[in-house]
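Just below is one structure, and these are the notes that go with it.
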Amino acid sequence: MFGRRKREQEEEAAREAERGALFAELAKRPDTICPFLGMAGNRTDYQEGVTQEHRCYAFGDPAELSAEQQQKVCLQPGYGNCPRYLRGVLVIPTEELEALRHPQPVPPRPAAAAAAAVAKTQPDRRGRGGLIATVVLVLLIVGVAAGGGYWYLRNQVPSSAVATALPGGTNLSAELVSLSEPEGDSQSLIAATEIEGAAPVPDTTLVYVIDLSRTTLEGPGCGGDPNGDGLVDTPLDCEIAAATALNVQAVDNGTVGEVGLVGFAGGATTADLSPEQGIQVLTAPNQDDDDDGVTNVVEALESAYSAQRIEPVGFRVFTPVSTETRSTEFSAGVTAACQVMDEAATPNRLVVFLSDGRNRSGDPLASVLPCDAATVFQTFAAGAEARCEQETELGGLQEIADLTDGLCITVVDLSQLPSILESVVSPQILRIQLALDGGDPIDISRDVSPQPPEAGPVKIDVDYRIDALPAGEHEICMTVFASDAGGNGEVQSCATVDAAGGKLTSN
């Protein structure tokens, strides 16, 4: 017994020494670098610039970080305002908390300044009372500087509020607020989620992939006759109108730095987007080289044409390009889009993939996706006969989305397509799920106000009735799914609550 106790003491001493060395190393950092920032393979290492290898070690498993989050939070003195940082300082050993106390960018208010002065004059006590006083004092200093002192003093426990940055830099937060006492056989759960845009950064490449197969000349559509082929309101006209509307939104949002355009049928072709010599596959969304009020990419869209089987289809400007239309081959359009993304200079890559038909030929989608450069595909089944799910070994629009962490949306009424596509680059809350005690999640989107999908900035309030909980403690988790110009993301707030109800706080 005594030998085992000695081994346990030695192991604990080794862990303490290792932890002490870690925090001693972190204390050497300049106060412009968050102490929880590290590399994927090295907790204490970091780069002074943005890199995909950076991770957040505040709590839980190391979390990936967007370029926007790194630039505006982790590599700036303002990291003290980050919700993950605030939660992280609550769970680290008290003795090592001092190593992470760097000056904050906002001048301290009188209360914070007074608290700081008291901290310097107090002797270094290692007793239990001294440790508790130290952690409360540090939390007060950090909380006031970051606007969080109020919630701590009010509750004496951390709230369940969590926040994250979506791939395009948009801020997404969620909070479980309270659970009412049982009322008959049910209880009321109060929660909230909010999405709000950060300062726009043009760090997304957006590629439009449109279907040019012969069926896009048949059936009802919308948009008039933008390509001047003499056929009015065809599905192809609607694709052009929708992509044009999306481009306007991309320019207005300021989050898209460059755009590309691909057309596909039995093969695929990439549009030339500049009058310069050679094929220019990418351009700025607002580039207008001939100053005629129509951007280059919209001119290329309006030059798109389809045809009957075995005849060429493609784009007529700036350099005419074409492919064949023997069938509909999704893999050709996907591969062409991936090749365009290989040329992209931005960290976020998004493809909008439109089709009104079935995937009838080519390679299995799983053999060409995901792209070499990480890219999200948002797919749209456009038309009364189109479907996200398709019974084919080659895969359908839903599989394209699933393979790239995207979404597939069916648009039966093509007249709605332009307005639906505009939302692709707009920050929006997509849906909200709730899970009790680790059970299967329930979609509660229809029971909140306003109902998702809802474009930001917006705050959604949740007042949801659940079955009365049996006696004891229970875990409640709310997951909010959202998207912005960089792709999709989510945030999850979890809390432990007694069946009798009360305020919900983090686990």
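The values are calculated or read from the model by the stated rules, or taken from the named source; none is laboratory data. Remember, predicted model here, so these are calculated numbers, not experimental data. Every residue, glycine as well, gets a Cβ built from its backbone with ideal geometry; the counts of neighbours run over all protein chains shown. When the accessible area is computed, the model is the full protein with side chains, heavy atoms only, and any ligands, DNA or RNA have been set aside. Shrake-Rupley method; radii C 1.70, N 1.55, O 1.52, S 1.80 Å.
Considered as an equivalent ellipsoid built on the Cα gyration tensor, region 200-272 has semi-axes of 25, 15, 8 Å, the largest given first. Our estimate of slack between D413 and A500, defined as 0.36 nm per intervening residue step minus the Cα-Cα distance, is 26.5 nm. Taking the accessible area of region 300-419, probe 1.4 Å, and keeping the other protein chains in place, the carbon and sulfur fraction comes to 45%. Proximity of backbone amide H atoms, modeled 1.01 Å from N, is registered between R55 and G38, M39, A40 at under 5 Å, excluding neighbours fewer than 5 places apart on the same chain. Surface composition of region 179-228: carbon and sulfur atoms hold 50% of the protein heavy-atom accessible area at a 1.4 Å probe.
Evaluated at q = 0.10 Å⁻¹, the base-10 log of the normalised Debye intensity for region 245-336, with identical point scatterers placed on the Cα atoms, takes the values -0.26. Ranked by the mean number of other Cβ atoms within 10 Å of their residues, highest first, the peptides 16-24, 249-257 fall in the order 249-257, 16-24.
Taking only the C-alpha atoms of region 388-507, the Rg (one decimal) and the largest Cα-Cα distance, Dmax (whole number), read 17.6, 53 Å. Once a ≥ b ≥ c are taken as the square roots of the eigenvalues of the Cα gyration tensor of region 391-431, is the result rounded (a/c under 1.5), prolate (a/b larger than b/c) or oblate (a/b not larger than b/c)? Since a/c reaches 1.5 but b/c is at least a/b, the shape of region 391-431 is classed as oblate. Hey, what's the Cα Rg ratio for region 359-430 versus the globular rule of thumb, 2.2 N^0.38 Å? Expressed relative to 2.2 N^0.38 Å, the Cα Rg reads 1.16.
Using the Cα coordinates of region 400-471, the gyration tensor eigenvalues translate into equivalent-ellipsoid semi-axes of 29, 16, 11 Å, sorted from longest to shortest. Looking at region 391-507, the accessible area is 46 square angstrom per residue; that uses a 1.4 Å probe and ignores ligands, DNA and RNA.
Cross-linked pairs K72/K459; K28/K459; K72/K503: Cα-Cα separations exceed 29 Å for K28/K459; K72/K503. Counting every C-alpha pair in region 318-467, the share spaced more than 27 angstrom apart comes to 35%. Note that region 426-439 has calculated 3J(HN,Hα) couplings of 8, x, 7, 8, 8, 6, 10, 10, 10, 9, 10, 6, x, x Hz, one per residue in order, obtained from phi through the Karplus relation 6.51 cos²θ - 1.76 cosθ + 1.60 (θ = phi - 60°); glycine and proline are x. Among rounded, prolate and oblate, which fits region 330-387 when a ≥ b ≥ c are the square roots of the eigenvalues of its C-alpha gyration tensor, a/c under 1.5 means rounded, and a/b larger than b/c means prolate? It comes out oblate by the Cα gyration axes. Relative contact order for region 361-461: 21 percent, from Cα pairs under 8 Å spaced at least 6 residues apart, divided by residue count.
Once you divide the Cα radius of gyration of region 183-223 by 2.2 N^0.38 Å, the number left is 2.57.
Using a/c under 1.5 as the rounded threshold, could you call region 285-354 rounded, prolate or oblate? The axes a ≥ b ≥ c are square roots of the C-alpha gyration tensor eigenvalues, and prolate needs a/b larger than b/c, oblate otherwise.
It comes out oblate by the Cα gyration axes.
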